[in-house]
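A.B. asks: What follows is a single structure, and I will ask about it in a moment.
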Amino acid sequence: MSHRKTVDDVWDLIELADDPGKCWIYRGRPTTRGYGQISISGKRIAAHRAAYESQYGPIADGLVVDHQCHNIDPCEGECRHRLCCNPMHLQPVTGLQNIRNSSRHCGSRTHCLRGHEYNESNTRLYRGKRYCRTCYW
């Protein structure tokens with residue numbers, strides 16, 4: 001993790017591609033989950049969030065930053081999209097929408113195994129997974 005003062009400092013650690021449509025890869029040390037991370041005035045922040053905020057401003061409360069490049073180009077094996085910091089590939093969405101966009105974690109399912117709909121009121125997110133509130137809580 002790299003120590004910086006502002007979100008704009010994240011660009012020192014990103015390899016920009018010649019083609020703006022390609023992924024811009026974070027070159028610092030990734031987290032155990034494969035994401036870039038920087039420290040801004042002692043607070044840890046994901047590198048892709050810092051890149052998005054640097055270009056577009058603050059992300060609204062309750063939203064996460066979804067890698068649209070991953071939704072278009074699913075990975076086989078090691079995922080490089082988690083290191084992408086190209087603001088054109090990033091979009092703020094709800095946590096539930098981010099999971100639904102994921103092909104890897106059955107994110108496209110609209111209902112749990114017992115048939116209850118995954119929606120904002122019936123879905124609980126815990127450690128990156130979604131759970132049906134009717135079945136589990």
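A.B. asks: Tyr35 is checked against (1) at pLDDT 85 or above; (2) farther than 21 Å from Asp8 by Cβ and fails just one. What number does that condition carry?
C.D. replies: Single failed check for Tyr35: (2).
A.B. asks: Out of the residues in the range 120-137 that are surrounded by fewer than 12 Cβ atoms within 10 Å (Cβ to Cβ) and out of contact with any Lys or Arg (no Cβ under 9 Å at 6 or more places or on another chain), state the one that is modelled with the highest pLDDT.
C.D. replies: Residue satisfying both the conditions and the ranking: Glu120.
A.B. asks: Continuing with this model, one more query. Among Asp61, Asp66, Asp8, Asp19, which is the only one that is modelled with pLDDT of 85 or more and farther than 20 Å from Gly128 by Cα?
C.D. replies: Numbers: Asp61 fails: farther than 20 Å from Gly128 by Cα; Asp66 fails: farther than 20 Å from Gly128 by Cα; Asp8 fails: modelled with pLDDT of 85 or more.
Of the residues listed, the single one that is modelled with pLDDT of 85 or more and farther than 20 Å from Gly128 by Cα is Asp19.
A.B. asks: When you scan the range 8-54, how many residues do you find that are of a type in the set (A, V, I, L, M) and part of a loop (DSSP other than H, G, I, E, B)? Please lay out each step first, then the result.
C.D. replies: Filtering the range 8-54 for residues of a type in the set (A, V, I, L, M) gives 10, 13-14, 16-17, 25, 38, 40, 45-47, 50-51.
Next cut, part of a loop (DSSP other than H, G, I, E, B) only: 16-17.
Here the count works out to 2.
A.B. asks: Is it the case that some residue within the range 3-25 is over 15 Å from Arg80 (Cα atoms) and touching an Asp or Glu at 6+ places or on another chain (Cβ under 8 Å)?
C.D. replies: Yes, because at least one residue in the range 3-25 is over 15 Å from Arg80 (Cα atoms) and touching an Asp or Glu at 6+ places or on another chain (Cβ under 8 Å).
The values are calculated or read from the model by the stated rules, or taken from the named source; none is laboratory data. Not measured: the values here are computed from a predicted model. Ideal geometry is used to build each Cβ from the backbone, glycine not excepted, and the neighbour counts take in all protein chains shown.
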